[in-house]
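The values are calculated or read from the model by the stated rules, or taken from the named source; none is laboratory data. The structure presented is a predicted model; accordingly, all values stated were derived computationally and were not measured. Cβ placement follows ideal geometry from the backbone for every residue including glycine, while neighbour counts extend to all protein chains displayed. In case anyone asks, the SASA skips ligands and DNA or RNA and just uses the protein heavy atoms, side chains included. Shrake-Rupley method; radii C 1.70, N 1.55, O 1.52, S 1.80 Å.
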Amino acid sequence: TRMEIIVKKLDETDYLKLGIPNWPIWEKEISVFDWNYQEKEHFYLIEGEVKITTQQAEYKVLPGDYVICPKGLSCNWEITKYVKKHYHFVEE
């Protein structure tokens, strides 16, 4: 099955409607690591820059991007600028 990451911009209304300001924050220094999603994760990049590589594609995530990573996804994270993000795990 294809595992695709969704990267999109949100307007202020959707940002607030989703309750993103209340989500926990995760921070990480410049690094490279493999990651496997045990749950579906939604996140909003506050600051930093990351390149997420999957078997099918490469995604560049920048501040202001809203990202949805599917459950079961295996990928590689390359953080090129110190990252700060709001995140939220979704039960499926």
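Contact map, region 7-21: first residue within 17 Å of VAL90 (Cβ to Cβ), second residue among the small types (Gly, Ala, Ser) and surrounded by 10 or more Cβ atoms within 10 Å (Cβ to Cβ), Cβ cut-off under 9 Å, separation 6 or more or different chains; pairs are LEU10/GLY64. How many residues does region 28-39 hold that are over 12 Å from the mean Cα position of the chain (by Cα), of a type outside the set (A, V, I, L, M) and assigned to a strand (DSSP E or B)? Qualifying residue count for the region: 5.
Can you pull out every residue in region 10-24 that is β-branched (Val, Ile, Thr) and either exposed (fewer than 12 other Cβ atoms within 10 Å of the Cβ) or over 13 Å from the mean Cα position of the chain (by Cα) (or both)? Listed by number, the list holds a single entry, THR13. Condition check for GLU49 on (1) over 17 Å from VAL90 (Cβ atoms); (2) touching a residue at least 12 places away in the same chain (Cβ under 8 Å); (3) open to solvent by 70 Å² or more (accessible area, probe 1.4 Å); (4) not small (Gly, Ala, Ser): one failure, at (3).
Within region 36-46, take every residue that is farther than 13 Å from LYS85 by Cβ and in contact (Cβ under 8 Å) with a residue 40 or more places away in the chain and give me the one that is surrounded by the fewest Cβ atoms within 10 Å (Cβ to Cβ). Across region 36-46, the extreme among qualifying residues is GLU39.
Only residues that are closer than 17 Å to VAL32 by Cβ and of a type in the set (Lys, Arg) were counted across region 56-79, and they come to 1. The one condition from (1) part of a strand (DSSP E or B); (2) touching a residue at least 60 places away in the same chain (Cβ under 8 Å) that GLU4 does not meet is (1). The condition (being in contact (Cβ under 8 Å) with a residue 40 or more places away in the chain and open to solvent by 50 Å² or more (accessible area, probe 1.4 Å)) is satisfied by just one residue among LYS85, LYS81: LYS81. Please name all residue pairs, on different chains or six or more residues apart, with Cβ atoms under 9 Å, provided the first residue is in region 53-78 and is within 27 Å of ASP14 (Cα to Cα) and of a type in the set (Gly, Ala, Ser) and the second residue is open to solvent by 40 Å² or more (accessible area, probe 1.4 Å) and assigned to a strand (DSSP E or B). Close Cβ pairs satisfying both conditions: GLY64/LYS9; GLY64/TYR44; GLY64/ILE46; GLY72/ASN36; GLY72/LYS40.
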